[in-house]
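The values are calculated or read from the model by the stated rules, or taken from the named source; none is laboratory data. Nothing here was measured: the structure is a model prediction, and the numbers come from that model. Keep in mind that these areas ignore ligands, DNA and RNA; they rest on the heavy atoms of the full protein, side chains included. Shrake-Rupley method; radii C 1.70, N 1.55, O 1.52, S 1.80 Å.
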Amino acid sequence: MSWIGSVGQSFGGILAPLILLCSHRFGYQLSFVVSLIICIASLFFSSMVKNLHWLLLTYSLPYGFANASIFILGTLVCGLYFPAGQHPKHIFVMCIISTGFPIGYHIMSAYMFSTIRENGWQSMKRRVALIELLVTCLIGPLFTTKGLLNSAQGYQYPTTPLIPGNNRKIYYSKPIIYWMLGIFSAMCAVNNFLLHLHSHLEYLLMSPARADLWFRLHGLFDALFRLSIPLLIRFYPIDIIYLFPASVFTGLIVLTLTFGLLYTSLNALAILPIILFSFTSAVVTALQYTVSNRIFEEDRTEQGYIYHVIITSLGTIVGPVVGGLFLDMTGSYKAIIPTSIFFLFVSFISFGATILLLNKKKANELEESQTASIHQHDNVAYGSSY
């Protein structure tokens, strides 16, 4: 039944442009509160159904959309209060936001599984709905842009189209296409590996308890890596864009080690590269808003982030599907890790190509600027001679 949740989450990400449109049309606060209310209603209604098709309609799609909306709106509002490239704490804030998923999973999952064992999954959903109702009452009034210092009236929502007609080529340039291919491939690799990890370990005759421990350790270190990114950048200043190919290359190495160790007598040591693989997912997901300011123009950071969300959602769906197809064709889990390695290789090449194109564009602009400056100086000197 895992697809019930994953399909809904991906569905919400694909509809990210609609979420952005609603936030600009009705405001961030109203959109946020409505999303929480949809989550609450979805949990209550789905707790009363027993058919899988009704569960998809009452839980997976509405809850997935609203849940994705909450995360997207939270990121956008924090991006307004802590602008990318302008506020010194921007990266720290974005990493804290993204850490909510792995930490929340480990805190809430234990409570949910305990409630399911004692009272059933229907009761668990109702209790979670009550928790979200409390969150709505506490956080809803605080989720506002009125505290922005650059405007006494709060954030002024854009009145121009999200993609102006005369600037459409910006969104379909080679650097953007290559970069999004890198994001898509990286998310395919990460989700293909993680979705099959538990069953892969059990296929290798590992106990379910131990497999669950390894999975949770991966999630725990995912959160720790996200929190350590600001420290890494502070002590080793580096352009954010270079962290993406670096994390993907790291993933290539550790997945290769994982594959080599799992099928030997030293398979207990495979937990180390599995933990280190969480660095790849931490970078690729935590810094998408930040890198949008680098890839897109400064006034299109929000739209760039929405592009990232859409591509991430597609990768979340496609990666596990491709891995599952190879699993069905080969009848062995040995195909899962090589599939993720291939995706990571494509991602590394795509990120590298994007960086080369952007550096070339920057060099050309600098050369044109210097040439124009020389011509202007010559014209001034020529005019002064008369």
**OP:** Starting from the residue with the highest accessible area, list Tyr81, Tyr307, Tyr236, Tyr289 in decreasing order, probe 1.4 Å.
**Re:** Tyr236, Tyr81, Tyr307, Tyr289
Original post:
So what is the relative contact order of segment 274-366, in percent, for Cα pairs below 8 Å that sit 6 or more residues apart?
Top reply: 13 percent
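For each pair in Lys50/Lys125; Lys174/Lys360; Lys89/Lys360; Lys174/Lys361, compute the distance between the two Cα atoms and list the pairs where it is over 20 Å.
Values: Lys50/Lys125 13 Å; Lys174/Lys360 12 Å; Lys89/Lys360 30 Å; Lys174/Lys361 11 Å.
Table pairs above 20 Å Cα-Cα are Lys89/Lys360.
Please compute the contact order of segment 202-337 in relative form: average sequence separation of alpha-carbon pairs under 8 Å and at least six residues apart, divided by the residue count, as a percent. Intermediate values should be presented prior to the final figure.
Details: 95 pairs, mean separation 33.1, N = 136.
Across segment 202-337, relative contact order equals 24 percent.
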**OP:** Using a 1.4 angstrom probe on the protein heavy atoms only, line up Thr339, Thr264 by accessible area, largest first.
**Re:** Thr264, Thr339
Subject >> Where Leu213, Leu262 fall by accessible area, highest first, once all protein chains stay in place (1.4 Å) >> reply: Leu213, Leu262
Original post:
Taking a probe of 1.4 angstrom, what is the accessible area of Glu367 in Å², to the nearest 10?
Top reply: 110 Å²
Subject >> Rounded to the nearest 10 Å², the accessible area of Phe348 at probe 1.4 Å >> reply: 70 Å²
Subject >> Inter-centroid distance (Cα atoms) of segment 295-325 relative to segment 27-53, Å >> reply: 24 Å
**OP:** Distance between Cα centroids, segment 64-91 to segment 227-276: provide it in whole Å.
**Re:** 26 Å
**OP:** Can you send over the solvent-accessible area of Trp121, 1.4 Å probe, protein chains only, in Å² to the nearest 10?
**Re:** 90 Å²
